[in-house]
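Written below as structure tokens is the structure these notes are about.
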Amino acid sequence: MKTSLLTLDARTKKRNAAEARFKAYGLSAIFVAMFALLILLTSVVSNGLSSFQQTFITLEVALPEDKLDKSGVRDLAVMSRVTTIGYAPVLRDALLAKLDALDIENPLSNRDLGNLISKQSAATVRDRVLANPDLVGQTVTFDLLASGRIDGYFKGAVTMESAALDGNTSPEALTIAQALADVGVIETKFNWNFFVWPDASVQRPEAAGLGVAILGSLYMMIVVLVLALPIGVASSIYLEEFAPKNRWTDLIEVNISNLAAVPSIVYGILGLAIFINFMEFNQSSPLVGGLVLTLMTLPTIIISTRAALKSVPPSIRDAALGVGASKMQSVFHHVLPLAAPGILTGTIIGLAQALGETAPLLLIGMVAFVREYPAAYTPEAGLFGEAATALPVQVFNWTQRSDPAFFERAFGAVITLLVFLLIMNAVAIYLRRRFERRW
Amino acid sequence: MEDLTQMDRAMSTQQDIKISAKNVQVYYDKNHAIKDVNVEIADKTVTAFIGPSGCGKSTFLRCINRMNDTIDICRVEGDIRIDGEDIYDPKVDPVQLRAKVGMVFQKPNPFPKSIYDNVAYGPKIHGLSRNKAELDEIVEKSLRKAALWNEAKDRLDAPGTGLSGGQQQRLCIARAIATAPEVLLMDEPCSALDPIATAQVEELIDELRQSYSVVIVTHSMQQAARVSQKTAFFHLGNLVEYDDTDKIFTNPEDPRTESYISGRIG
């Protein structure tokens, strides 16, 4: 039978339909993925963006000598005996004076009024005064942190209705805050301190920051980079270019692939057993965290480096050997430069993975509450030996706390973490493009 | 009568033996790839290896500069000498050998570096120049010998990979002769080139004969006939026949050679 090219036969129709179906599946899968990503990002951003803003009360605080310096001669030893409990009434009085001056009605008890100001503010003022004792006796203008509930009110998390049921605040307090905001005494502004301040106790979420966590993560990334990159690249080069192909190298290869799939918490247990219990490094130190993350990152780096080395055409090796280069010269002069973009990308992706890793860090104690900025080196603790936390652990930590103000901060930390990851990936892409564009 | 024989001998020894192979066996694992090859390759001559695919001609070529060392499962037995020195002697470093025995590969494989760096790489790693001026001179000389100088002199900093296929192959030849080798091995150097580029490379091979002993593996019998003075025919790992090119193509002794050059096997 003669068939026309202009009419499709049944077989072709079926084939075309199958192809169209397959494309549709693919498209819908991508749409689902994009949609999920969109929801994820929106929820993270909408929940977390407000943590970059903080509510401050601008007050002219009179610093009375009789309360803050009983010695009268600015003797620091005497002055430091006044704790933050001594400073709190000073701030409350300043607020009272402000309300009087502005003619704002105050139905609150002194204690409840004091609760408008963060407990952290007393410490801030005290630190300023101790750093500069001459301030005593003067009236100084401070930007004081408002308490978490007031902050929440201006961010929409606390409402009059919820305040009525809340032991920590009241609708009356919010009314006063609103009145102060109307005249510009209370302001919500961008809060750099979120990235600088250390974590704060459960009672003062408004003062909690990521400083220690960012520093801890940075130290760990340094440890990972310094250890994992050279070890990973060296072992890949050896395995790929020099090692004989036999049963032993096969075994090693299989095990590297297996290690890449080992749950990260297992590395945490390993770290706990070896680095802390056996080698007696400091608990919660970035050194131990970095070592554990190095173990975890090594397989990733080795696998991607080997893939990058494999993708260099063998003709380049032949060419180098053909003009009399030694094996090592052919690898270091020709193969490695060509594989460098791949190695870099693999390394940065490994680092990004390590940056976001939480589980193993919980086991080595990085979940601890740390308020002291860890020093990179101290004679007692050694290199990266001081206790620190890490970004993902800080997220975990904050989500565990009862005060809802920590919720927003947890999301803020997630955004910060994501921004760091995005930057690292962007750097990876940039380096890749840059090195590949050369030829 | 005696004078005549003496003259005869003078004729035959006029061309010195550069490479001599005796009882060479090559095994890939258990596969016996080269079987008992004996051959003597003369200096300042182009010697062609022909034969059907998989007959072992490339394998044998790669024995001459020990490129087979890079293949784990490859084992070479027998005796290969260059200027009377056993190149498989444990004292021989293949790196030094390969500087002396240059190689050009089937596919043009310039380094992804500039034209200059491609040629200068060999002299640099072997310390053949004391300063930049000497290196420049080596690069120019090599590029001139490879008939690439006129095309490349204005863009020595351009990437070697940006040249055309034929130019790339000539660049590879320049790179190979920059280390001042004594022997040049060519593994199907024209198989990836168009006829014009092939003609250029063939012309070049003929000129290179003045200074080097050239061994070329080729699939094209016409090419072997055009460029070589001696031809060796390989079949199934055996060296079937080795003689003057004219003789091989006009009056082969072995029936297998005749079948191959007339297109019946292979």
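The table below lists the values:
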{"quantity": "Rg [Å, one decimal], Dmax [Å, integer] - region A:49-190, C-alpha atoms", "calculated": "15.6, 50"}
{"quantity": "Spin-label model distance (nm) - A:Q400 vs A:S315, 7 Å beyond Cα toward Cβ", "calculated": "5.9 nm"}
{"quantity": "Partners for A:K13 among lysines (Cα-Cα distance below 20 Å; same-chain residues under 8 apart left out)", "calculated": "A:K2, A:K23"}
{"quantity": "Residue among A:L27, A:V312, A:F435 farthest towards the positive dipole end of chain A, charges placed on Cβ", "calculated": "A:V312"}
{"quantity": "Shielding by partners - mean other protein chain Cβ count within 10 Å, residues of A:309-321", "calculated": "4"}
{"quantity": "Alpha-carbon centroids, region B:144-185 and region A:22-65: separation in whole Å", "calculated": "59 Å"}
{"quantity": "Backbone HN-Hα couplings from phi across region B:226-233 [Karplus 6.51/-1.76/1.60, Hz, Gly and Pro as x]", "calculated": "6, 9, 9, 9, 10, 9, 10, 9"}
{"quantity": "Amide H partners (placed H, <5 Å) of B:K113, local residues excluded", "calculated": "B:G160, B:T161"}
{"quantity": "Distant-in-sequence amide H partners of A:V61 (H built 1.01 Å from N, under 5 Å)", "calculated": "A:V140, A:T141, A:F142"}
{"quantity": "Gaussian network model of chain A, springs between alpha carbon atoms under 10 Å - residue of A:E187, A:E386, A:E60 with greatest fluctuation", "calculated": "A:E60"}
{"quantity": "GNM flexibility winner over chain B from B:R155, B:R175, B:R62 (Cα, springs under 10 Å)", "calculated": "B:R155"}
{"quantity": "Separation of the A:R434 and A:D134 label points, Cα + 7 Å toward Cβ, nm", "calculated": "4.8 nm"}
{"quantity": "Peptide ranges A:155-167, A:290-302 listed from the most packed, as the mean C-beta count within 10 angstrom indicates", "calculated": "A:290-302, A:155-167"}
{"quantity": "Leading residue at positive end of dipole, the protein assembly as shown (Cβ point charges), from A:T3, B:V76, A:V370", "calculated": "A:T3"}
{"quantity": "Within region A:49-190: Cβ-based charge dipole about Cα centre, in debye rounded to nearest 20 (Lys, Arg +1; Asp, Glu -1)", "calculated": "500 debye"}
{"quantity": "Cα pair count fraction exceeding 23 Å, expressed as % - region B:149-266", "calculated": "38 percent"}
{"quantity": "Cα extents of region A:165-292 along the three principal axes, largest first (Å)", "calculated": "79, 29, 26"}
{"quantity": "Whole-number Å³ per residue for the convex hull built on Cα positions in chain A", "calculated": "274 Å³"}
{"quantity": "Charge-dipole axis of the protein assembly as shown as Lys and Arg at +1 and Asp and Glu at -1 on Cβ define it, positive-most pick from A:V82, A:A181, B:I19", "calculated": "B:I19"}
{"quantity": "Net charge, A:V370 excluded, C-beta distance under 12 Å - Lys, Arg +1, Asp, Glu -1", "calculated": "-2"}
{"quantity": "Karplus-derived 3J(HN,Hα), 6.51/-1.76/1.60, for each residue of region B:45-54, Hz, glycine and proline x", "calculated": "9, 9, 10, 9, 9, 10, x, x, 4, x"}
{"quantity": "Of B:K124/B:K230; A:K310/B:K132; B:K91/B:K113; B:K44/B:K107; B:K35/B:K107; B:K22/B:K230, pairs whose Cα-Cα distance is over 23 Å", "calculated": "B:K124/B:K230; A:K310/B:K132; B:K91/B:K113; B:K44/B:K107; B:K35/B:K107"}
{"quantity": "Against the rule of thumb 2.2 N^0.38 Å, how large the Cα Rg of region A:207-248 comes out", "calculated": "1.95"}
{"quantity": "Theoretical gain in end-to-end length, A:F35 to A:I423 [0.36 nm per residue, Cα-Cα removed]", "calculated": "137.4 nm"}
{"quantity": "Charge tally in the Cβ shell below 11 Å around B:S164, where Lys, Arg are +1 and Asp, Glu are -1, B:S164 excluded", "calculated": "-1"}
{"quantity": "Built amide H within the under 5 Å cut-off of B:F49, gap 5+", "calculated": "B:I216, B:V217, B:T218, B:A232"}
{"quantity": "Chain A, helix-only ellipticity at 222 nm - DSSP H runs n ≥ 4, -39,500 (n - 2.57), divided by all residues, nearest 500", "calculated": "-19000 deg cm²/dmol"}
{"quantity": "Gaussian network model of chain A, springs between alpha carbon atoms under 10 Å - residue of A:W192, A:W248, A:W398 with greatest fluctuation", "calculated": "A:W248"}
{"quantity": "Exposure proxy ranking, count of Cβ atoms within 10 Å, fewest first, for B:F49, B:F111, A:F242", "calculated": "A:F242, B:F111, B:F49"}
{"quantity": "Whole-angstrom Cα spans of region A:211-435 along principal axes, big to small", "calculated": "69, 39, 34"}
{"quantity": "Relative contact order [Cα under 8 Å, 6+ residues apart], region A:49-190, whole percent", "calculated": "39 percent"}
{"quantity": "Antiparallel DSSP beta bridges within the protein assembly as shown, percent to nearest 5", "calculated": "70 percent"}
{"quantity": "Convex hull volume per residue for region B:17-261, taking Cα atoms only, in Å³", "calculated": "120 Å³"}
{"quantity": "Sequence of A:M220, B:M103, B:M221 once ranked by neighbouring C-beta atoms within 10 Å, starting from the fewest", "calculated": "B:M221, B:M103, A:M220"}
{"quantity": "Ascending count of other beta-carbon atoms within 10 Å, so fewest first, for B:K30, B:K113", "calculated": "B:K30, B:K113"}
{"quantity": "Charged-residue dipole, Cβ positions (Lys, Arg, Asp, Glu), region A:5-73 about Cα centre, Debye nearest 20", "calculated": "1160 debye"}
{"quantity": "Net charge of neighbours whose Cβ lies under 12 Å from the Cβ of A:R204, counting Lys and Arg as +1 and Asp and Glu as -1", "calculated": "+1"}
{"quantity": "The protein assembly as shown - charge dipole about Cα centre, Lys and Arg +1 at Cβ, Asp and Glu -1, debye rounded to 20", "calculated": "1400 debye"}
{"quantity": "Under the Karplus curve 6.51 cos²θ - 1.76 cosθ + 1.60, θ = phi - 60°, whole-Hz ³J(HN,Hα) for region A:371-384, x wherever Gly or Pro sits", "calculated": "10, 8, 5, x, 7, 5, 8, 9, x, 6, 8, x, 6, 6"}
{"quantity": "Label-point separation, B:Q222 to A:N193 (7 Å along Cα→Cβ), nm", "calculated": "8.7 nm"}
{"quantity": "Modelled label reach - B:K141, point 7 Å along Cα→Cβ, region B:80-107 residues with backbone N closer than 17 Å", "calculated": "B:99-102"}
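Quick note: the coordinates plus some simple rules give every number you see, no bench work behind them. Owing to the predicted nature of the structure, the values given are computational and were not obtained by experimental measurement. Quick reminder, even Gly has a Cβ in these numbers, built from the backbone with ideal geometry, and neighbours come from all protein chains shown.
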